[in-house]
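See structure below.
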Amino acid sequence: MIITELNCYPVKSLQGIALERAELTEHGLAHDRQWMLVNSDGCFVTQREVPALATIGVALDDSYLTLSHPGMPDLEVSLEAGLQPSGESVREVRVWKSDCRALDEGDEATAWLNDVLGPQGVSGLRLVRFAPDQRREVEHDYLHEGEPGRVHTAFADGYPVLITSETSLAALNRHLADKGETAVPMTRFRPNIVVSGAAQAFGERDWQTLSGPGYRLGVRKPCKRCKIITIDQSSGRSPSIKEPLRSLVELKTQPGWKGAFFGQNAIIESGVGATLKLGDELAISGI
């Protein structure tokens with residue numbers, strides 16, 4: 001089994017960046033979900049509330065995070081500024097049940113977002129960055145002995161890494177085709193790591209670890225899907241508000257669990273600082 005895609009999403013719920021290689025950090029792939037948008041109450045905002053976030057492009061280099069949108073000048077956010085935060089820039093924000101310290105990226109970013117999202121009736125969103133001294137622990141319920149308190153993430157929904165399988169996507173799309181529905185691309189599921197060569201569709205539910213050159217990922221919890229997977233990740237529109245959610249429920253991809261599941265959440269068991277590359281061969285251990 002090999003890695004066929006590596007994807008980083010620097011800003012939660014905005015467009016991702018396809019990579020050929022990625023450094024593995026304690027938070028997952030380097031720079032993944034290090035920024036997010038919050039409302040006036042400091043609560044995180046995603047495509048669940050604002051599907052148009054899918055239309056905002058993201059680029060990253062050694063100096064800047066750059067946001068782009070058709071018909072707008074790019075917004076450049078200095079990476080260096082986030083390494084030396086001032087007291088005025090620190091905000092308390094919330095992502096799900098986690099309260100975190102974050103660094104506000106300023107009024108220029110808010111004005112740019114207002115220009116982009118104003119036609120959608122959305123205004124006042126702030127761009128914030130995960131504070132460099134902040135630790136956000138992963139929920140303990142699905143961790144193994146010795147892992148609680150050690151495993152943490154940034155602004156991802158709950159875990160450092162999301163893994164999906166091409167074999168599982170093919171099975172889902174066959175099911176959709178049998179119903180006369182349109183196939184969906186892997187972009188709908190916003191994974192960090194995509195693998196090919198899995199022998200069984202949805203067999204990742206039985207994986208315990210994935211080991212590559214110099215690193216080992218621990219598979220801990222199936223990923224329950226929400227309305228975001230109904231949103232076209234290039235247009236920000238929902239061709240079908242029920243698919244592929246309905247089909248995932250019908251397929252019972254996670255037996256004994258209620259809901260729509262696709263992909264697996266994982267932690268870094270070892271290999272912080274290692275580099276993941278397209279084509280890496282992976283060894284699986286099962287439950």
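Details
- Residues that are modelled with pLDDT of 95 or more, open to solvent by 10 Å² or more (accessible area, probe 1.4 Å) and part of a strand (DSSP E or B) do not occur anywhere in the stretch 80-90.
- Qualifying residue in the stretch 169-189 (condition: surrounded by 14 or more Cβ atoms within 10 Å (Cβ to Cβ) and acidic (Asp, Glu)): yes
- Pairs, first at positive phi in the stretch 10-27, second small (Gly, Ala, Ser), C-beta under 8 Å, six or more apart: 13/54
- Hits in the stretch 32-54 (condition: charged (D, E, K, R) and open to solvent by 10 Å² or more (accessible area, probe 1.4 Å)): 33, 41, 48, 49
- Residue in the stretch 129-146 that is over 29 Å from residue 220 (Cα atoms) and either open to solvent by 60 Å² or more (accessible area, probe 1.4 Å) or among the hydrophobic types (A, V, I, L, M, F, W, C) (or both) present: no
- In the stretch 200-218, residue surrounded by the most Cβ atoms within 10 Å (Cβ to Cβ) [restricted to those that are part of a loop (DSSP other than H, G, I, E, B) and out of contact with any Asp or Glu (no Cβ under 8 Å at 6 or more places or on another chain)]: 202
- Residue tally, condition crowded, with 17+ Cβ neighbours inside 10 Å and touching a Leu at 6+ places or on another chain (Cβ under 9 Å), over the stretch 147-163: 5
- Screening residue 26 on (1) more than 24 Å from residue 239 (Cβ to Cβ); (2) in contact with a Lys or Arg (Cβ under 8 Å, 6 or more places away or on another chain) shows it passes everything except condition (2).
Here is a yes/no grid of residues against (1) assigned to a strand (DSSP E or B); (2) of a type outside the set (Gly, Ala, Ser); (3) on the phi > 0 side of the Ramachandran plot:
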| position | (1), (2), (3) |
| --- | --- |
| 181 | no, yes, no |
| 198 | no, no, no |
| 220 | yes, yes, no |
| 235 | no, no, no |
| 255 | no, yes, no |
| 265 | yes, yes, no |
| 272 | no, yes, no |
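- Residue in the stretch 221-233 that is over 17 Å from residue 169 (Cα atoms), open to solvent by less than 40 Å² (accessible area, probe 1.4 Å), at pLDDT 95 or above and not β-branched (Val, Ile, Thr) present: no
The values are calculated or read from the model by the stated rules, or taken from the named source; none is laboratory data. What you see is a predicted model; the values in this text were computed from it and never measured. Heads up, the Cβs are rebuilt from the backbone with ideal geometry, glycines too, and the neighbour counts pull from every protein chain shown. The accessibility values were calculated without ligands, DNA or RNA, using every heavy atom of the protein model including side chains. Shrake-Rupley method; radii C 1.70, N 1.55, O 1.52, S 1.80 Å.
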